[in-house]
1. Give the residues of the stretch 8-38 that are over 16 Å from ARG79 (Cβ atoms), under 11 Å from the mean Cα position of the chain (by Cα) and in a helix (DSSP H, G or I), sorted by residue number.
2. Here's a check for you: in the stretch 80-94, which residue that is open to solvent by less than 90 Å² (accessible area, probe 1.4 Å) and of a type outside the set (A, V, I, L, M, F, W, C) is farthest from VAL32 (Cα to Cα)?
3. Could you list all residues from the stretch 22-47 that are of a type in the set (Phe, Trp, Tyr) and open to solvent by 100 Å² or more (accessible area, probe 1.4 Å)?
4. Could you give every pair whose Cβ atoms fall below 6 Å, whose first residue belongs to the stretch 27-45 and is closer than 11 Å to ASP59 by Cα, and whose second residue is part of a loop (DSSP other than H, G, I, E, B) and of a type outside the set (Val, Ile, Thr), counting only separations of at least 6 or pairs across chains?
5. Tally time: how many residues in the stretch 48-79 are open to solvent by 40 Å² or more (accessible area, probe 1.4 Å), charged (D, E, K, R) and part of a loop (DSSP other than H, G, I, E, B)?
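The values are calculated or read from the model by the stated rules, or taken from the named source; none is laboratory data. This structure is a prediction, so every number in the text was calculated from the model and none was measured. As a convention, Cβ positions derive from the backbone with ideal geometry for all residues, glycine included, and neighbour counts pool all protein chains shown. Just the protein is used for accessible areas: all its heavy atoms, side chains included, with ligands, DNA and RNA removed. Shrake-Rupley method; radii C 1.70, N 1.55, O 1.52, S 1.80 Å.
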Amino acid sequence: EINGETLMHFRTRVGLFVEDLVERHRGQTVVVVAHGGVVEGIFNHVFNVGPWQRCEVWDHNTAITHFELVEHPRREVWRLHYHNRVEHLIGLDV
């Protein structure tokens, strides 16, 4: 069991990672390969979830999630295009 302090520390680290990517790669396409827990942390950061998360983000193994940073003064900062896509696995003998 993960305690609340450990979870918030992890979520903070993931959020700092996302913000660092934004600053270092502004205007570029970035691909991140990560564990599902990191993907959940990215959701928590992008959706500005506070210390009381009320919904888990569930992922298939090797699923693809696509966020876009929108730099427009009258728009939200992030756009979620899709989450948990697994079409790339169709037809594989696993």
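1. Result: ARG11, VAL14, GLY15, PHE17, GLY36, GLY37, VAL38.
2. Within the stretch 80-94, the subset open to solvent by less than 90 Å² (accessible area, probe 1.4 Å) is 80-84, 86, 88-89, 91.
So of that shortlist, the ones also of a type outside the set (A, V, I, L, M, F, W, C) come out as 81-84, 88, 91.
On the way: HIS81: 15, TYR82: 15, HIS83: 14, ASN84: 14, HIS88: 16, GLY91: 24 Å.
The extreme case among them is GLY91.
3. Hit for the stretch 22-47 is PHE47, nothing else.
4. Listed pairs, sorted by first residue: GLY36/ASP59; VAL39/ASP59.
5. Count: 6.
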